[in-house]
1. Please report, in Å, the Rg and the Dmax of the protein assembly as shown, where both are computed over Cα atoms only.
2. A 31 angstrom limit on the alpha carbon distance is what I want to check against. Which of A:LYS207/B:LYS100; B:LYS207/B:LYS364; A:LYS152/A:LYS207; A:LYS50/B:LYS142 exceed it?
3. Starting from a label point 7 Å past Cα on the Cβ side, list the distances from A:GLU408 to the same position in the other copies, nm, shortest first.
4. Using modelled amide H (1.01 Å from N, peptide plane; none on Pro or chain starts), what sits under 5 Å from the amide H of A:ALA105, excluding residues fewer than 5 places away?
5. Within region A:380-411, whose backbone N sits under 19 Å from a point 7 Å along Cα→Cβ of A:LEU362?
6. 5 Å is the cut-off here: which amide hydrogens, built 1.01 Å from N in the peptide plane, fall below it relative to A:ARG324, excluding neighbours closer than 5 in sequence?
7. Be a star and scan region A:1-24 for residues whose amide nitrogen sits under 19 Å from the point 7 Å along the Cα-to-Cβ vector of A:ASN64.
8. To the nearest 500 deg cm²/dmol, what mean residue ellipticity at 222 nm is calculated for chain B from DSSP H runs of n ≥ 4 alone, each contributing -39,500 (n - 2.57), summed and divided by the residues?
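The values are calculated or read from the model by the stated rules, or taken from the named source; none is laboratory data. None of these values were measured; they are calculated from a predicted model. All Cβ positions, even for glycine, are placed from backbone atoms using ideal geometry, and neighbour counts span all protein chains on display. Each accessible area value is taken on the protein alone, full model and side chains, heavy atoms only, with ligands, DNA and RNA left out. Shrake-Rupley method; radii C 1.70, N 1.55, O 1.52, S 1.80 Å.
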There are 2 protein chains.
Amino acid sequence: MTQPLRLGIAGLGTVGVGVIRMVQRHGEMLATRAGRPISISAVSARNRDKDRGVDLSGYAWEDNAADLAARDDVDLVVELIGGIEGSARETVEAAIAHGKDVVTANKALLAIHGHDLATKAEAAGLALRFEAAVAGGIPCVKALTEGLAGNKIERVMGVMNGTCNYILTRMESAGLPYETVFAEANDLGYLEADPTLDVGGIDAGHKLALLAAAAFGIRVDFDAVRLEGIERVTIDDITHAADMGFAIKLLGVAQLTGRGLDMRMSPCLVPLASPLGQLHGATNMVVFEGDAVGQIVLRGAGAGEGPTASAVMGDIVDIARGLRLPVFGVPADQLRAETRANTGAPSPYYLRMDILDKPGALAKIAACLGEAGISIDRMRQYDHADTNAPVLIVTHKAGRTELDAAIEAMARTGVLASEPVAFRIEQIGE
Amino acid sequence: MTQPLRLGIAGLGTVGVGVIRMVQRHGEMLATRAGRPISISAVSARNRDKDRGVDLSGYAWEDNAADLAARDDVDLVVELIGGIEGSARETVEAAIAHGKDVVTANKALLAIHGHDLATKAEAAGLALRFEAAVAGGIPCVKALTEGLAGNKIERVMGVMNGTCNYILTRMESAGLPYETVFAEANDLGYLEADPTLDVGGIDAGHKLALLAAAAFGIRVDFDAVRLEGIERVTIDDITHAADMGFAIKLLGVAQLTGRGLDMRMSPCLVPLASPLGQLHGATNMVVFEGDAVGQIVLRGAGAGEGPTASAVMGDIVDIARGLRLPVFGVPADQLRAETRANTGAPSPYYLRMDILDKPGALAKIAACLGEAGISIDRMRQYDHADTNAPVLIVTHKAGRTELDAAIEAMARTGVLASEPVAFRIEQIGE
Ligand SMILES: NC(=O)c1ccc[n+]([C@@H]2O[C@H](COP(=O)([O-])OP(=O)(O)OC[C@H]3O[C@@H](n4cnc5c(N)ncnc54)[C@H](OP(=O)(O)O)[C@@H]3O)[C@@H](O)[C@H]2O)c1
Ligand SMILES: NC(=O)c1ccc[n+]([C@@H]2O[C@H](COP(=O)([O-])OP(=O)(O)OC[C@H]3O[C@@H](n4cnc5c(N)ncnc54)[C@H](OP(=O)(O)O)[C@@H]3O)[C@@H](O)[C@H]2O)c1
């Protein structure tokens, strides 16, 4: 049997401990699969004294995670600290500088510094892999960059923040308002310390930016993701949508249009009968559409110790087996800096607003759409107890620019009692 | 740019032409992704004069597919002829003998000769890859042997014959009997020349045997797959199952039990709300359950020019990139020859039979189950016009051996008007 692959593990939280447990439990199986033993030489975290429920006595300890990179007994640095800057970034930089391969689960780091780090890693002939950073246990980066390598990818979609999907499906099943379910999720420890990362779509946006880079051979460009959180989704929206055969999901969509790259992470209506519409709870789903393969759907746990460690280990085994791919599937110096589409492809929209209960109010709203060239598919006015009437409109295909113009015009009519909410209806075959 | 990877393509049918189109259409993209050009040197099929809708003028022609292997300008032989013996097998053997890597879409060949061919290919240091052989465009072999390499796989399930799933879902949606839909499918050209390959579960059984080998590190053992076709599924079964919250699928299940390997391809009831239960039409689905990752579901087209060529090309790009894995994920000489479980893990069963309309008949049937130690969960007798009464029973968990004993005992009661049909209810989390 050849030389072992010796790991240095930076970060001993949920994921780090998961990876250690896997090495300890499945050493023999991993060696058979990888063709060589996978061993741990050293670990690092902030607090050396914390009981982490795993035996660390066989591993050296580094107070400074970046020092793992300098060790002669470490071949591969596994970065599981997290965060865009600070120790995580330093550790990855140090690993590359010392000629060590890197595996990370850190979407935030790569969404911001991915192009720079990929360029450096490739220049040094090193692997930098990040399967766990996107949709947890689902081997979607691999599917995209390897299994589907024969396809021109046409669209990438994903429900990639389990917490948001949990909140939306729990609102639906329990009939509870957003605020209540948000508080529940918080009590259950489902939310990040800064919940905007979850409900604001930032975390999922990071993942989308990474997938889009791999899908389209472009530079990671998180700033190009149009972000919209789930805070404005109401239980009524969910009910109305369901009445019309749709579910509301925090959906990431990346697509190359004639006018450039369109990436958005926003609440969207998807057909209830589609796999995305059927996705309940914290489960993640990624959908790829390729010119040859058609639609490929991948579903699984997007977070948690086991699933995330599984993805990290997949990358480690690849490296142990000698696989050496460009970080985003094509060499970093060949990734295009794609122009950002300033508007997405036209699509139908769902609009919800309250209007004042005045004669002609509805006609004024309809006129704003008409003047922007947007035709109405369905329109409903709901019973109401007070002086504001909830109105729901489904448009035919419209450009976002035209829609925004119509919404601005609506504001000037003086009949709106609330700012209109507009959710895209993402068109998905069958 | 380094040396091109030069293909010899054996077989110019649906898949072969698909691969050629992909190389012609996406040459530049493939070169960027693979890190080197992918070119075609020579092709082979039976009929040189057939118009195949693609320009073959740039490629040398071989009358005998196996001769592709001997060509100096071929690095990799792509076997897309099909069949267990004959030209397909000869071509793959010749390729290995001449030191050429192989990519094939041929599940029948590998289900029977896979262990032998893998042993030979690995001894020669060659790649032999077969992503397209299992579930068409879904990169499931890759997910299993690479992405999920950190997991002890606990169960593999799959709906992997699109034609059978088409028949079953069409029976359901159109309320048509099996024979009618079978004839329809035949007219549409969905069935193999020998339809038993499809509806008898053989084709899907081949795929299951391959997946199980990769999942559990065992030798491919197609003979160990207990096969049961969909011929006995009636429209009433489908309706009854739906009433109880189940769909009927031709489901492959492979699982290591305490008593050895259990592999079956048979009509099963699965929860309607599960991804498997929601799978309509000819689409395929593969489900992996791993100890760390939990449940991973992959869904996509299982056949057709584009999807199958996509999988073939994924393998080709891997080889172009230098990936060299054991054929089934672990070296062939380390694959275990697993004992076959002579019975699967206990599960609930759905039973349907006609009994004679005599007093005490139902009690006799129930007694047979009781004596075999099987308890009844639900039992229904349907209205009937003639002297035979259709009866439907759902059991609690039962062993297949006990169930078969009960069914034999039923036959001896003299109250059966038809042989009982028994379908397993596969237990699937959420
Ligand atoms: N948890 C998931 O389900 C999941 C899923 C996908 C991706 N990820 C990603 O995986 C990474 C790790 O996540 P996690 O959930 O395991 O985080 P976590 O539980 O918060 O653990 C973070 C670990 O990093 C250590 N750490 C923090 N600052 C450090 C420093 N300056 N030097 C050395 N170690 C330091 C901490 O040390 P102490 O323990 O001593 O405080 C802790 O062990 C993140 O990038 C996250 O986005 C997580
Ligand atoms: N079609 C699918 O969707 C699909 C999906 C997954 C896997 N597969 C597998 O892919 C393989 C090919 O399938 P296919 O659908 O492309 O089959 P196909 O359309 O029937 O094509 C078979 C090709 O093999 C050629 N051939 C037959 N005997 C030959 C011989 N002795 N020497 C050289 N060439 C010979 C035929 O030549 P002529 O054209 O001259 O007759 C034909 O071009 C099979 O193993 C199949 O199981 C197919």
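1. 28.5, 85
2. Numbers: A:LYS207/B:LYS100 39 Å; B:LYS207/B:LYS364 41 Å; A:LYS152/A:LYS207 20 Å; A:LYS50/B:LYS142 38 Å.
The answer is A:LYS207/B:LYS100; B:LYS207/B:LYS364; A:LYS50/B:LYS142.
3. Once sorted, the set of distances for A:GLU408 reads 8.2 nm.
4. A:GLU79
5. Those under the cut-off are A:380-396, A:410-411.
6. none
7. Zone members listed by number: A:8-12.
8. Numbers: 12 runs with 141 residues, N = 430.
When only DSSP H runs of four or more count, the value is -10000 deg cm²/dmol.
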